[in-house]
1. Among the residues of the range 183-199, what is the count of those that are surrounded by fewer than 21 Cβ atoms within 10 Å (Cβ to Cβ) and in contact with a strand residue (DSSP E or B) (Cβ under 7 Å, 6 or more places away or on another chain)?
2. Based on what the data block shows, is Tyr341 in contact with a Phe, Trp or Tyr (Cβ under 9 Å, 6 or more places away or on another chain), among the aromatic types (Phe, Trp, Tyr) and surrounded by fewer than 21 Cβ atoms within 10 Å (Cβ to Cβ)?
3. Considering every residue within the range 135-143, establish whether at least one is open to solvent by 20 Å² or more (accessible area, probe 1.4 Å) and modelled with pLDDT under 95.
4. Can you name the residue in the range 10-24 that is of a type outside the set (A, V, I, L, M) and in a loop (DSSP other than H, G, I, E, B) and is also nearest to Pro318 (Cα to Cα) among such residues?
5. So which residues in the range 320-348 are among the hydroxyl-bearing types (Ser, Thr, Tyr) and over 21 Å from the mean Cα position of the chain (by Cα), if there are any at all?
6. In the range 200-217, what residues are at negative phi and either surrounded by fewer than 19 Cβ atoms within 10 Å (Cβ to Cβ) or without any contact (Cβ under 8 Å) to a residue 24 or more places away in the chain (or both)?
7. Just name the residue that is nearest to Ile61 (Cα to Cα) out of those in the range 16-40 that are touching a Leu at 6+ places or on another chain (Cβ under 6 Å) and of a type in the set (D, E, K, R).
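The values are calculated or read from the model by the stated rules, or taken from the named source; none is laboratory data. What you are looking at is a predicted structure, and each value in this text was computed from that prediction instead of being measured. Here the Cβ positions follow ideal geometry from the backbone for every residue, glycine too, while neighbour counts run over all protein chains shown. Side chains are part of the model used for accessible areas, which takes the heavy atoms of the whole protein and leaves out ligands, DNA and RNA. Shrake-Rupley method; radii C 1.70, N 1.55, O 1.52, S 1.80 Å.
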Amino acid sequence: MSWHRQYRSSKFRHVYGKAASKDKCYDCVPITRNVHDNHFCAVNPHFIAVVTECVGGGAFIVIPIQQTGKLDPHYPKICGHKGNVLDVKWNPFNDFVIASCSEDASVKIWDIPKHLLTRNITNPKKELLGHVRKVDLIEWHPTANNILFSSGYDYKIMIWNLDTREAVISNPVKILDAHKDVVLSMSFNTDGSLLATACRDRKIRLIDPRAGTVLQEASYKSHRVNKVLFLGNVKKLFSTGTSRWNNRQIALWDQNDLSVPLLEEDLDGSSGLLFPFYDSDTCMLYVAGKGDGNIRYYEISPEKPYLNYLMEYHSHLPQKGIGVMPKRGLEVSACEIFRFYKLIPTKSLIEPISMIVPRRSESYQEDIYPLTAGAQPALTAQEWLNGFNKGPLLVSLRPGSGAMNSLPQFLEAEPLMKTTDPSRHQGQGGRLPLEDMQKRSEVENSRKQLQAEKKLRKNEQTHLSNGFDLSECPPPKTENELLQMFYRQQEEIRRLRELVNQRDIQIKQLELELKNLYMDIGSY
């Protein structure tokens, strides 16, 4: 079983949890008292969003990540819902856009200003109206831009395309009605081509979201599932739930065979729900219990025993919900590999907890920070709806590598050629029409060169948005890294071919212009 103490060679054997000091916590936060089994918290490198207690509707607050300490009791809220807010999720490709769902059967998309909030926000950017009962779960697609999934008490999962100008969207692009009860959990695989769900009917389903078909269904009677999670890089599913004797239980499943779990283990007799979190970069799995202060963490391996217990973080303060910081927001100089934001409603406190690999050196540790998913989408919404699949664009967490911001700003391109000064030709007299034609041609050529340079700069910026230069990338050490390197090289070859084709077209255009110019000179 996974708790057996046995020697294993692992760089994560001594990972420990470190709670932030009181001055780095968020105090006096009116955390919701709702008993729904959700996280009630969402985090990105700029903001932390928390569902709050509110009278006369639902609300949540958005706090800048650096604004620690006591919160003003009159701090502005996002309060456009008519019912309690049940879930909030940040757009993975835009740190200033957040989605929320509520008991009022609506999903709303909000734009968060870059400056500090000074008043309540009540008007959403978009409103999604399709569910007939309360909506309790939302998930953004991991690689496609502006694709959102929502699940409600009408037993339906709806897929929304937000790439429209409409402020109110009432027609989802797809409705998945394969469930006969409330969906408790949703999880995507790495490229978002598969969706795993846990339902109140105690079944795990593996679904093709675009076709709407159930590929596999697990109805293992001795494991009553509550949450399910894709372990994408090892092709396995992890679920938490309860056993026949109401003990809290974890189970590991083969993605290709859900008939019987690969591993099944009872943890304890507590009644709180277990929230699983997986870090595909380190292959570490974290299990946090609702209502207790402990966080267990394991290491996943492709061979037996599959689940290797590492350690447990202990705290006397119980957690109601937990938010997780994306990898691009971690402090790599402190060897931080994961960060939780723990909601403690009894003290109105949000406490950050950092998972740290003990290292003496303060330099960048490349072995514990492989390339990770960045903040740029790999596909547009329409490309994904048309059937394309693509893994996330990877970036390096090395300081100074760039591509860490979800709102990239491209530099202004400089022209390759400057227009010729007409004063050079003033002494040539007698050929004014030819002079005008030459100046016109030079201006036109300069404009085309400028446009070509802008396009080149943009392509180069897009290429560098993966956060590293292919020529400086270390050699792959595993089969997964080798495949990633192969795909990146294929993408680079395709990009270079496009650039070569563009240059060929520009050369032909310049040759034609020169030929026309010589013919005009000959006519004079």
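1. Pass one, the range 183-199, residues surrounded by fewer than 21 Cβ atoms within 10 Å (Cβ to Cβ): 188-191, 193-194.
The next check asks that each one be in contact with a strand residue (DSSP E or B) (Cβ under 7 Å, 6 or more places away or on another chain); those that pass are 188-189, 194.
Adding up the residues that qualify gives 3.
2. Numbers: in contact with a Phe, Trp or Tyr (Cβ under 9 Å, 6 or more places away or on another chain): yes; among the aromatic types (Phe, Trp, Tyr): yes; surrounded by fewer than 21 Cβ atoms within 10 Å (Cβ to Cβ): no.
Here the answer is no, as Tyr341 does not meet what is asked.
3. no
4. So, considering only residues that are of a type outside the set (A, V, I, L, M) and in a loop (DSSP other than H, G, I, E, B), the one nearest to Pro318 (Cα to Cα) is Ser21.
5. Ser333, Thr346, Ser348
6. Selection gives Arg200, Asp201, Lys203, Asp208, Arg210, Ala211, Thr213, Val214, Leu215, Gln216, Glu217.
7. Among those residues, the one meeting the criterion is Asp27.
Every residue, every condition in (1) of a type outside the set (D, E, K, R); (2) over 25 Å from Asp72 (Cβ atoms); (3) open to solvent by less than 40 Å² (accessible area, probe 1.4 Å), yes or no:
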site	(1), (2), (3)
Phe93	yes, yes, yes
Val97	yes, no, yes
Asp111	no, no, no
Leu128	yes, yes, yes
His131	yes, yes, yes
